[in-house]
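Quick notes on the structure that follows.
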Amino acid sequence: MRFIVRRLAFYLLAFWVSITLNFLLPRFMPGDPVTRMFAQASNKMQPEQIEQLRQLFGLDERPIWQQYLTYVQNIFTGQMGVSISRFPTPVSEVIGSQIGWTLLLGGTALVIAVVIGNLLGILAAWRRGGVLDSVFPPILVFVGSFPYFWLAMAALYLFGVVLGWFPIRHAFDAGMMPELSWTFVSSVATHLFLPALTIVLVSIGGWMLGMRNTMIATTAEDYILMAEAKGLTNNRIMFRYAARNAMLPSVTAFGMSFGFIVGGALLTEVVFAYPGVGYQLLAAVQGLDYPLMQGIFLTITAAVLVANFLVDIVYVRLDPRVRVS
Amino acid sequence: MMPHSIRKGRSALALAALVTGAVLLTGCTAGGTAVDTSGEQLLTIPREDMGTFSRNFNPFTPNAAPMTQQAIYESMLVYNPADGGTTPWLATDWAASDDGLELTFTMRDGVTWSDGEPMIAGDVAYTFELQKKLLGGFDYLDSVEADSDQSVRFVLNRPYSPALYEIGQQVIVPQHIWTEIDDPAKDTNGSPVGTGPYTEVTNFQSQSFDLGKNPNYWQPEKQKIAGIRMLAFAGNDGANLAAVNGEVDWAYQFMPDIEKSFVAKDPEHRQFWFPSTGSMINWQLNTTKAPFDDVDVRKALSMAVDREQVTDIAMNGYTSPADCTGLSGAYTTWVDADIAASCDWTNHDVDAANALFDSAGYPLGADGTRTLPDGSPFTLDISVGSASSDWLSAATIIAQNLAEVGITAKVDSPDWPTVSASYEDGSFDTGIVWSNNAPTPYQFYRGVMSSETVKPVGEKTFENYHRFASGEADALLATFAASSDPAVQTEAVNGLQAQFAADAPVIPLFAGPEWGMFTDTRFTGWPTASDPYATLSTKSPTTVLVLTSLEPVTK
């Protein structure tokens, strides 16, 4: 219990540091959102309108410490302000309408990559030097080292444009309304396939290699030898004895990756025009949309910290050693 | 549900299998797009700079959903830069008083809002009140009075003839709806009531939305298409892909090598048209800095630039080089042919450039580099935002051109906010910058030459970044603004062209093309170079002319 409390204190400190950075960083960027918008609209806005827009957006001219106090207060009351690039939609609404898609895409891809990657790793290590062990790792590492953007574009072009097997954009067909029907769900699934596939392809190699390597170390342990001596079935030894102990690093990695899902699929979302938070973050940075940037960073930070905290708790259960230290 | 890690793995595998199954079942229908010619097909248009839409149809917000200003709300008149014509729209007629201080618009009879209420002059007066309160602008307006339901009078505090188009193109909102809205600046107006042809939001999703027919449109015979479908794209690439695949009917974005990548796929049905009616793109020199305060230097630099190369390479040949009137293709009726023909400083002529540099006191050294009169090397920076790849390559070409006359130019390309900050406070050397674009050349010349727009270095400005003013131009601009007599206006604009040609306040490069491409497999009646009743823009005031001209293809 004391361990968890100590960790919690640490995470609160980390949270405070990150929200403070989150507050400061956008304000160090050159330019301000209104002049940015003015420059983008090129000649469609009159210079006289700039002051008016500043007021409209409620851009803060108060001393920075006062802004900071309001900012911290707003975080704890859940108010993230109004987005500038999608004015007048509140930031929470922008993020809320998109985070579901990001979680669906990132979550599906992560779960598939983790499950398949780890299974491959377990099997590869178990039959060391076998076909699986000698063929898969080099191929997967090769695929994983492609620039992601390029791989995604290639998949989009080949399977979407040339072969026409999959839709090439958006989360579901235009003109559809979200509902719980087979047509809608299958539309979502077809749209999800390519983006998820590309993420799985690039990340699966890492999971496989990581699992394989810890597995190999574990299988050299004495208790595996003892289990074999006891005459247990191969599967039981592989999963219950070896894999279970070799899984710890994967659990950590899973927790961290889970936290990063929120911000991690940016390129995928841009290539496949998937309506997630990642693309919105890019748009927010380009438009110097401070409130939205802060909202998204905050969401990412919170997701990473919460995921890590949960991993810590799980660890206490899985690995008795951490309870002692 | 998931007690053990192994089970968890299995259920995830099952999920994966389920997804794959669904994909296989529907995969075959996803790619093929059969051409819908039922007559009920939606006019499909991509929006290349919005990855997602917000259900915001408030025309007073800068980020309103596309088509708010084009299909939902309408203005009193529509000006078409492609042919210089003006179409009466919500107003049938307008007149200026002799002293130029009053403008009266006669409103069209029988126009109703989409909720069935009549549109009256009071709506116009209310719209301007709201617009000034929320967004500012229209500083020259003293008051707007609805004299009757049919007539609205604008009282100006000074004679200002460009007002006609600025007022005429403001979209009008219904007073009876907007007076009920608590905070018009922040309301998202999710179910808009307008006079436009397509006002009904029939389906709104974050990446696509549909607009259906206005049930009470004032020219129902022109509502031939069933509705509009907008698609969201995070950039040109996705939108171009949709256009190339034939999934959209009408697109408005830059596409490289359009002849080959778009038209050649279906030459019978596909066309593009890029009239150079966009804003003039200039190479702006900071005239508060030496040597750019010297008109001979500006002209010599201009002569060193190979505009053919710039338009061919940087702009894919989609536009043509500027002449020394600085006027884009939107002002063909205003151009003084004599001045345009007499241009010498916008022609590429390395020898003449060298001679002018020499005579102006910027000698070429033995090492082949030019020096300033004080002996220091003649170097300059060209600042362009890194995101604008076309302008960036224009800047690179200019830098190469300058090497031929012994000047070292460095292309400086940080992100746009940094670049525009240096423009705004006057700390930049040179840069590639757009200019004002309005129905008359007044705003263009005011933006590049008027002393009203010049602020001292260090003070932030949002126009005339190059900080150039000319007293003669001020007088001519004042004359233009004070008169609505075409003869007087023409004479003033001719004077402004002569002044521009003499002073070279900025170095004009090329006019921005107004992008536009379409396929007529599902809809016909598009504007083209031979029938320029509108531009092919999906974002400009002329868009409504296209929307009310298209007809669905039915088989």
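The values are calculated or read from the model by the stated rules, or taken from the named source; none is laboratory data. Here the structure is a predicted model, which means the values were calculated and not measured. As a convention, Cβ positions derive from the backbone with ideal geometry for all residues, glycine included, and neighbour counts pool all protein chains shown.
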- Sort out which residues of the stretch B:223-252 are of a type in the set (V, I, T), within 11 Å of another protein chain (Cβ to nearest Cβ) and in contact (Cβ under 8 Å) with a residue 60 or more places away in the chain, and write them in order of number. B:V248
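State yes or no: is A:V111 over 11 Å from the mean Cα position of the chain (by Cα), crowded, with 20+ Cβ neighbours inside 10 Å, part of a helix (DSSP H, G or I) and free of Cβ contacts under 8 Å to residues at least 12 places away in the same chain? Walk me through it before giving the result.
On the way: over 11 Å from the mean Cα position of the chain (by Cα): yes; crowded, with 20+ Cβ neighbours inside 10 Å: yes; part of a helix (DSSP H, G or I): yes; free of Cβ contacts under 8 Å to residues at least 12 places away in the same chain: yes.
Against the criterion (over 11 Å from the mean Cα position of the chain (by Cα), crowded, with 20+ Cβ neighbours inside 10 Å, part of a helix (DSSP H, G or I) and free of Cβ contacts under 8 Å to residues at least 12 places away in the same chain), A:V111 qualifies.
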- Task: Give me a count of the residues in the stretch B:508-542 that are among the acidic types (D, E), closer than 21 Å to B:S320 by Cα and not in a strand (DSSP E or B).
- Result: 1
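So which residues in the stretch A:42-78 are of a type in the set (S, T, Y) and modelled with pLDDT of 75 or more? Spell out how you get there, then give the answer.
Of the residues in the stretch A:42-78, the ones of a type in the set (S, T, Y) are A:42, A:68, A:70-71, A:77.
Within the stretch A:42-78, A:Y68, A:T70, A:Y71, A:T77 meet the criteria.
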- Query: Which one of these is among the small types (G, A, S), at pLDDT 80 or above and within 30 Å of A:A155 (Cβ to Cβ): A:A307, A:A265, A:A246, A:A242?
  - Reply: A:A307
- Note on the structure: The residue that is nearest to B:F60 (Cα to Cα), considering only those in the stretch B:138-156 that are touching a residue at least 24 places away in the same chain (Cβ under 8 Å) and either in a loop (DSSP other than H, G, I, E, B) or not assigned by TED's automatic domain parsing to the domain that holds B:A91 (or both), is B:F138
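Could you say whether any residue in the stretch A:212-221 is within 14 Å of another protein chain (Cβ to nearest Cβ), in contact with an Asp or Glu (Cβ under 9 Å, 6 or more places away or on another chain) and under 14 Å from A:L119 (Cα atoms)? Steps first, answer last, please.
Filtering the stretch A:212-221 for residues within 14 Å of another protein chain (Cβ to nearest Cβ) gives none.
Looking through the stretch A:212-221, none of the residues is within 14 Å of another protein chain (Cβ to nearest Cβ), in contact with an Asp or Glu (Cβ under 9 Å, 6 or more places away or on another chain) and under 14 Å from A:L119 (Cα atoms).
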- Taking B:V493 as the residue in question, decide whether it is within 20 Å of the chain's Cα centre (by Cα), part of a helix (DSSP H, G or I) and crowded, with 19+ Cβ neighbours inside 10 Å. no
- more than 24 Å from A:Y279 (Cβ to Cβ) and either touching a Ser or Thr at 6+ places or on another chain (Cβ under 9 Å) or buried (at least 21 other Cβ atoms within 10 Å of the Cβ) (or both), is that true of A:G175? no
- Task: Might you let me know whether the stretch A:250-262 holds any residue that is more than 8 Å from chain B (Cβ to nearest Cβ), closer than 28 Å to A:I300 by Cβ, in contact with a Gly (Cβ under 7 Å, 6 or more places away or on another chain) and polar (S, T, N, Q)?
- Result: yes
- Item | Residues of the stretch B:381-431 satisfying the condition of being surrounded by fewer than 19 Cβ atoms within 10 Å (Cβ to Cβ), among the polar types (S, T, N, Q) and not in a helix (DSSP H, G or I) | B:S386, B:S388, B:T408, B:S427
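State whether one or more residues within the stretch B:61-76 are in a strand (DSSP E or B), polar (S, T, N, Q), more than 10 Å from chain A (Cβ to nearest Cβ) and within 27 Å of A:L53 (Cα to Cα).
Restricting attention to the stretch B:61-76, the residues satisfying the condition of being in a strand (DSSP E or B) are B:74-75.
Remaining after also requiring polar (S, T, N, Q): B:75.
Narrowing the set further to residues that are more than 10 Å from chain A (Cβ to nearest Cβ) leaves B:75.
The next check asks that each one be within 27 Å of A:L53 (Cα to Cα); those that pass are B:75.
Yes, there is a match, as at least one residue in the stretch B:61-76 is in a strand (DSSP E or B), polar (S, T, N, Q), more than 10 Å from chain A (Cβ to nearest Cβ) and within 27 Å of A:L53 (Cα to Cα).
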- Message: Condition (residue is in contact with a Cys (Cβ under 9 Å, 6 or more places away or on another chain), in the same structural domain as A:I261 (by TED's automatic domain parsing) and farther than 26 Å from A:F258 by Cβ) applied to the stretch A:165-175: is it met by at least one residue?
- Response: yes
- Output the residue which, of all residues in the stretch A:263-302 that are of a type in the set (G, A, S) and not in a helix (DSSP H, G or I), is farthest from the other protein chains (Cβ to nearest Cβ). A:A265
- Item | Single residue of the stretch B:253-281 satisfying the filter (within 14 Å of chain A (Cβ to nearest Cβ) and of a type in the set (S, T, Y)) that is nearest to B:R522 (Cα to Cα) | B:S261
- Any chance you could count how many residues in the stretch B:189-217 are more than 14 Å from every other protein chain (Cβ to nearest Cβ) and in a loop (DSSP other than H, G, I, E, B)? 11
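Okay, residues lined up against (1) surrounded by 15 or more Cβ atoms within 10 Å (Cβ to Cβ); (2) under 17 Å from A:G106 (Cα atoms); (3) outside the structural domain of A:M247 (by TED's automatic domain parsing); (4) in contact (Cβ under 8 Å) with a residue 40 or more places away in the chain:
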site: A:G129; (1), (2), (3), (4): no, no, no, no
site: A:F146; (1), (2), (3), (4): no, no, no, yes
site: A:A152; (1), (2), (3), (4): yes, yes, no, yes
site: A:T183; (1), (2), (3), (4): no, no, no, no
site: A:W207; (1), (2), (3), (4): yes, yes, no, yes
site: A:D222; (1), (2), (3), (4): no, no, no, no
- Message: Looking at B:P197, B:P215, B:P220, can you tell me which residue is farther than 20 Å from B:D93 by Cα and free of Cβ contacts under 8 Å to residues at least 24 places away in the same chain?
- Response: B:P220
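How many residues, within the stretch B:175-215, are closer than 10 Å to B:S114 by Cα and not basic (K, R)? Outline the logic, then answer.
If we filter the stretch B:175-215 for residues that are closer than 10 Å to B:S114 by Cα, which is where we start, we get B:192-200, B:213-215.
Among the residues that remain, those that are also not basic (K, R) are: B:192-200, B:214-215.
Qualifying residue count for the region: 11.
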- Evaluation of B:K186 against (1) farther than 19 Å from B:A71 by Cα; (2) over 26 Å from the mean Cα position of the chain (by Cα); (3) part of a loop (DSSP other than H, G, I, E, B) (one fails), failing number: (2)
